[in-house]
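Derivation of every value follows stated rules applied to the coordinates shown; laboratory data play no part. The structure presented is a predicted model; accordingly, all values stated were derived computationally and were not measured. Note that each Cβ is placed from the backbone with ideal geometry, even for glycine, and that neighbours are counted across all protein chains shown.
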Amino acid sequence: MIPTPSPDQLSGSSQAAELLLQVSSGDRDAFSRLYDAYASRVFGLVLRVVRDRGQAEEVTQEAFLEIWRTAGGFDAASGGALGWMLTIAHRRAVDRVRSPEASGRRDARDRELGSGFEADVIAEASPGSLQAARVRTSLAVLTPVQRRALELAYFGGHTHTEVAHILQIPLGTSRTRIRNALIHLRESLGPAHA
């Protein structure tokens, strides 16, 4: 039987790799030692991403469940065990932040704070403003697909990947539409005159 090292002794990646090898064969004791040694580091990373303690605890548990299920997929030649585990945790945390549920919570929070305006509502809020008129005119010169991509990215707060998913287009096309829209806006608005 392998002696149980303390969490301090497990700080090296080689010990983590050994434990992962044991976990891959279904060793629950090895998984318990792995969890005890690395849960706080995984939790710390997840908390920095999701920024909510309760959610971070859930995501940490999900990450360790995935580590248990996929330990056989760890390849020491591809990198360190700790890095492999932190990658799983980070991916889970990002998925949680970008989930529809999280998006719904952000939208609800934005509505409560009064920041859920459409582009036209923002421009119409100050009809006498020359700048608002310039922006409205500049948005009108965009093609409908450019305008929609730009609205989703900048007024809707979506990432390029989310814009691609919403518009059901490839990611590269999404990036191109947003970039071209920004170029057209810059050309249309020209230098700012007060």
*Gyration tensor (alpha-carbon) shape descriptor, the stretch 9-101, a/c threshold 1.5*: prolate
*Enumerate the calculated ³J(HN,Hα) couplings along the stretch 55-68 in order (Karplus 6.51 cos²θ - 1.76 cosθ + 1.60, θ = phi - 60°), each rounded to whole Hz, writing x wherever the residue is Gly or Pro.*
5, 4, 5, 5, 5, 4, 4, 4, 5, 5, 5, 5, 4, 4
*Could you rank the peptides 63-75, 79-91 by their average count of other C-beta atoms within 10 Å per residue, with the highest value first?*
79-91, 63-75
